[in-house]
1. Please determine, by comparing only the residues of the range 308-350 that are acidic (Asp, Glu) and in a helix (DSSP H, G or I), which one is surrounded by the most Cβ atoms within 10 Å (Cβ to Cβ).
2. Please enumerate the residues belonging to the range 89-117 that are open to solvent by 10 Å² or more (accessible area, probe 1.4 Å) and closer than 16 Å to residue 140 by Cα.
3. Where the second residue is among the charged types (D, E, K, R) and the first is closer than 21 Å to residue 166 by Cα and lies in the range 283-301, which pairs have Cβ atoms under 6 Å and are six or more apart or on separate chains?
4. Give the residue that is farthest from residue 236 (Cα to Cα), with candidates limited to residues of the range 254-298 that are buried (at least 18 other Cβ atoms within 10 Å of the Cβ) and acidic (Asp, Glu).
5. Of (1) at pLDDT 95 or above; (2) farther than 26 Å from residue 331 by Cα, residue 257 satisfies all except one. Which?
6. Within the range 181-240, how many residues are of a type outside the set (A, V, I, L, M), open to solvent by 40 Å² or more (accessible area, probe 1.4 Å) and part of a loop (DSSP other than H, G, I, E, B)?
7. What number of residues within the range 118-155 are among the β-branched types (Val, Ile, Thr) and open to solvent by 10 Å² or more (accessible area, probe 1.4 Å)?
8. Counting only residues that are open to solvent by 50 Å² or more (accessible area, probe 1.4 Å), assigned to a loop (DSSP other than H, G, I, E, B) and either out of contact with any helix residue (DSSP H, G or I) (no Cβ under 9 Å at 6 or more places or on another chain) or polar (S, T, N, Q) (or both), how many does the range 44-58 have?
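The values are calculated or read from the model by the stated rules, or taken from the named source; none is laboratory data. Note that the structure is a prediction, hence the values are computed from the model and not measured. Cβ: placed from backbone, ideal geometry, glycine included. Neighbour counts: every protein chain shown. When the accessible area is computed, the model is the full protein with side chains, heavy atoms only, and any ligands, DNA or RNA have been set aside. Shrake-Rupley method; radii C 1.70, N 1.55, O 1.52, S 1.80 Å.
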Amino acid sequence: MGCFFSKRRKAEKESQPEGEEERPKQYSWDQREKVDPKDYTFSGLKDETVGRLPGKVAGQQFLIQDCENCNIYIFDHSATITIDDCTNCVIFLGPVKGSVFFRNCRDCKCVLACQQFRVRDCRKLEVFLCCATQPIIESSTNIKFGCFQWYYPELAFQFKDAGLSIFNNTWSNIHDFTPVSGELNWSLLPEDVVVQDHVPLPITEELKAVRVSTEANRSIVPVSRGQRQKSSDESCLVVLFAGDYTIANARKLIDEMVGKGFFLVQTKEVSMKAEDAQRVFREKAPDFLPLLDKGPVIALEFNGDGAVEGCQLIVNEIFNGTKMFVSESKETASADVDSFYNFADIQMGI
């Protein structure tokens, strides 16, 4: 007993005109653009300024190796980036969906954003970082960290393409795999550090076409104090719920609070469950439970004397009618901050 489909294929073949060859089948992988690894590699360069413009990497892996006294700018998102055996280089990396791995590098200064960050066998690096997970150093010394501070028009879309949130940045929460008793292999750069003094803007005509700004108030990633010592015992937690203007509202609130002399300590974007809301919002939880289904929340921690009252005034004056959670008093604010960030760090594996 024959198969119906085999009979149909045989009939179709017999009905094909003589002399006409059967067309080869087309598969999706045959239509993919061929990738030349040389287009995604900088190797063996010395005393050069090189880079890739927005749209020229488009999520591919990239390799930087054996470069000396070079300025390197990747103005696009990528899958992973490895930097090996580079000396005295300035490096900017657009958002990296996976990991950035420095190995055996010396005297380099970098600005970068990634999901995972790792340094091994390196010495004297300065890194302005946005990292979604805990940065790791290993067998390395004199590694200094600052908060990512960079802007150009395409950067926000590149963060989305790389699957990174501008609010998930653990830049200062460093883990050292090989600590030395009595010594510290890493430190934080001064809070008043000027990024452009360490990682200057490109000077070639091609790369100057990218409209870069290093001003803190324009940075795509909010500039936070991280693990630096707090200036006050008073902090305030604000939680914004998902909506059409959540990111814009968060940025506006940060600008207002920083403009009034308060400090942004840390930020987080994370999904909350009902049990998380009960723990963080306590008796106010029923007011916010329906909002959790709309998407992740954005949390901001501000610090400074009068932070709670100052934040409440700004929220009432500028965001009246927008549903937000704001710490009710300075007596409960520290507990609010601890409750939220403890659950968020656990959820994100930090």
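1. 336
2. 101, 103, 104, 106, 107, 109
3. 296/269; 298/269; 299/268
4. Only one residue tops the list, namely 276.
5. Among (1) at pLDDT 95 or above; (2) farther than 26 Å from residue 331 by Cα, the lone unmet condition for residue 257 is (2).
6. Number of matching residues: 16.
7. Filtering the range 118-155 down to residues among the β-branched types (Val, Ile, Thr) leaves 119, 127, 133, 136-137, 141, 143.
Restricting the remaining residues to those that are open to solvent by 10 Å² or more (accessible area, probe 1.4 Å) gives 133, 136, 141.
Qualifying residue count, the range 118-155: 3.
8. 4
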